[in-house]
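The values are calculated or read from the model by the stated rules, or taken from the named source; none is laboratory data. Predicted model only: the values in this text are computed from it and were never measured. Here the Cβ is made from the backbone with ideal geometry for all residues, glycine too, and neighbour counts use every protein chain on show. These accessible areas exclude ligands, DNA and RNA; they are computed on the full protein's heavy atoms, side chains included. Shrake-Rupley method; radii C 1.70, N 1.55, O 1.52, S 1.80 Å.
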Amino acid sequence: MFFSKLTKQPKYQLKNQSIILFLTICLVIGLLNSNNLQADTTSASNKNFELAQQARAILTKNCLQCHGMNGVATKNIFVLDHTRLIKNKTIIAGDANSLLLKMVETNAMPIGKSPLSEKDKAILRTWVLAGAPSWDKEQEKPTDNIKNKKFIAESALLATIEKDLEQASERSRPYLRYFSITHLSNASISEEELEQYRVGLTKLINSLSWHKEITIPTPINAEKTLLRIDLRDFNWTADTWRTILSSYPYAVKLPANEVIKSFSGAEIPYIRADWFMANASVAPLYHNILCLPNTITELEKLLGVDVNRNLQEERNIIRAGLRSSGVSQNNRIVERHVSNYGAYWKSYDFSSSLDSQNIFSSPLTMTSAGGEMIFNLPNGMQAYFLVDSHGKRLDVAPVAIVSDRSSPESPIIHNGRSCMSCHFAGMKYFRDDMRSTLEAELTSASRNTSRYFTLEKALAIYPTQNTLDNLLEQDQDRFRQAIEKTGSKLSPNLQSEPINALARRFEAELSLPLAAAEAGLDKEEFLARVRASSRLSSLGYSQLVVANGAFKRDAWEKYYSDLVQELHLGEYLSSQILAKNLRQNNQAVTKSNLNTLPTTNVVALNSSTKLNAQGPLTSSYGNANDNSPAALLRASQTIGIHTKTRFFNIDFLQTALLNDKEFQSQGLAISDNWSNLDLIITVDRPVFTFDYTFNLKHAKKGIILASGKIIAGDARAAAPKIAKELIKQIQNLRKAGDQ
């Protein structure tokens, strides 16, 4: 019926209806094909993501330990950072000649491990040829927020700080200080990574605080790259900030600095947060900011711990004995005391497991070769302390006794950061080996022997594993509550510890974008100024001009004053100038009292040293014809530091000397004006050794006044030892001259 009616309609109507029917059919077919295409695309995306996950698992298992675990990045390659792998051309998407494939397919990597299986190599090759899809779906999202980041000029930073100080009360201004991660933002660091820096800074500052509360730095600009702190929130003083600035290598003076200084008394408007994390987390700054004493006896007094009394009374103390541990080379005693602020853990480490160092034959008395201490601060965070066999504080632990087995490049344990890295989640669980041994021996011991009394005494302080576990859990919970207030998230993954990871990134080489950002310039302006400077070319800055160029951090800091001068960035302020200016201008800052805490070491030039525009004033005493070492030393006022090896940073020795009260009493000023030096310290380290040789020479006469050699794992550890020996020899020369 319908068909008969349709055939009776005009021809043009039939034609239009046919067209509509045809278009409808085409539309349906198109929708079906579109759905199939979308399904195919989704399927392909899922397959690529699964392939990327497989590649990530292979890299995690075989490469992470040397290229990313806990911030370690050999050759500055982070294998789990997909963006960096592409950016630094370790992987070239779709290219079978990618560096990563060459390394694994030729079995050049992984070093010290079995080569990858053919199956794993095939997966990595398939992944790269498929375009190296990201294993993190969030990374596949558009990165316009990074590309469109607005460059924040130095003038804008200073204006923001000035405005913030203007809005603060006059009574608070002297206590306000600032940290910046603006240079990292200008270098196109992602917001996710910038947040890691904020969290890491918060964790470190509160780990250097004797205040009872956790305090988070306050962002003062829209980008959250400028962070304000109040010194009083951490029981810091103007002296604390002075100590930090005395080691700061990036101080540049601009006209706007004077306005800021008039408000707060701060010579420098801000400090770079990444530098602070790398340097304040290790000695000497770690010790100086926390005001840690020089001996374990003084530390225990500060914490209200009486070890001998606790042992005698068998109260507020527990012990555990370990045949082996994660850091100690031999057997180990771990001891816990109750302190004023929570728990105080100390270890007794040994150079062997024999005789008096065998803890199982001497569970109560032993001869240790040193120890490590972990104790709660008033805010619940943890602090750390290393000592030698005499109980004297150490910057680094002897590798022969304890070592950092998670760091393949450098096993040396640096007090502070190495301990934070290992104890990222607080105290670590361990199994006691002593209690069961004591119980087994007790059953066979005669009740009439002194050994039986020793065993009973030992059992009173070596508790059951259940008691140990409960105390460990209690201490972990205290630390967890504190750490979560800082914004950090605890995880069993070692990569989760932000301070160590970010400090290692700071110490890695600088890329061109980061170098330009640290100079406060955009990339094109930085390149133009560097190319125009023959001085910078002679210092090696041309390596930043070439494709994929980079610059080593130690060289960057050494020549930073040259960079500032050549690029016209402002007036560079050395640590000596800062120390002198801060001593003179910091009188407006009200000092707080740390009560029972030891006084912070004030790093400054000796007050008896007078400088003029041309350099040090000529000495008014001493016989010019007397060439004896004592006479030459007595007539000297300025001293410079020189190194013959790239393995030694003179800043470390300079800081060690300036921090030493005995050096301050010698009336010597460290200077970098080589045309007017009286004395020169020269440091060298022969290749393939850990021997640091040094001598003190009269600059004009060429006579060696003092010399020596010390052994140390690195420059940080060598500097205080050299300083101590030099000061000792200088004092002996002066005494000899007075006789």
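Observations on the model:
- Amide H contacts of residue 648: none lie under 5 Å away among residues 5 or more positions distant or on a separate chain (H built 1.01 Å from N in the peptide plane; Pro and chain starts excluded).
- Solvent exposure, largest accessible area first (probe 1.4 Å, DNA, RNA and ligands not counted), of 194, 129: 129, 194
- Segment residue 367-residue 687, extension gain: residue separation times 0.36 nm, minus the distance between their alpha carbons: 111.7 nm
- Heavy-atom accessible surface of segment 521-568: percent carbon and sulfur, 1.4 Å: 47 percent
- Solvent-accessible area of residue 103, all protein chains in place: 60 Å² (probe radius 1.4 Å, heavy atoms, ligands and nucleic acids excluded).
- In this structure segment 464-559 gives 47 Å² per residue of accessible area when probed at 1.4 Å with all protein chains present.
- FRET E, pair residue 60, residue 108, Förster distance 30 Å, beta-carbon r, rounded to 0.05: 0.95
- Residues 473, 566 ordered from highest to lowest accessible area at a 1.4 Å probe: 473, 566.
- Contour minus Cα-Cα distance for residue 298 and residue 562 (0.36 nm per residue): 90.7 nm
- Accessible-area ranking of 390, 82, largest first, probe 1.4 Å: 390, 82
- Cα pair count fraction exceeding 14 Å, expressed as % - segment 492-541: 63 percent
- Nearest-10 value in Å² for the accessible area of residue 368, using the 1.4 Å probe: 30 Å²
- The calculated FRET efficiency for the pair residue 728 and residue 642, based on their C-beta separation and a Förster distance of 22 Å, comes to about 0.60.
- Average accessible area per residue (Å²) across segment 254-400 - probe 1.4 Å, nucleic acids and ligands excluded: 35 Å²
- Taking all protein chains as shown and a probe of 1.4 angstrom, residue 684 keeps an accessible surface of around 50 Å².
- Carbon-plus-sulfur accessible fraction, segment 254-323 (probe radius 1.4 Å, protein heavy atoms only): 45%.
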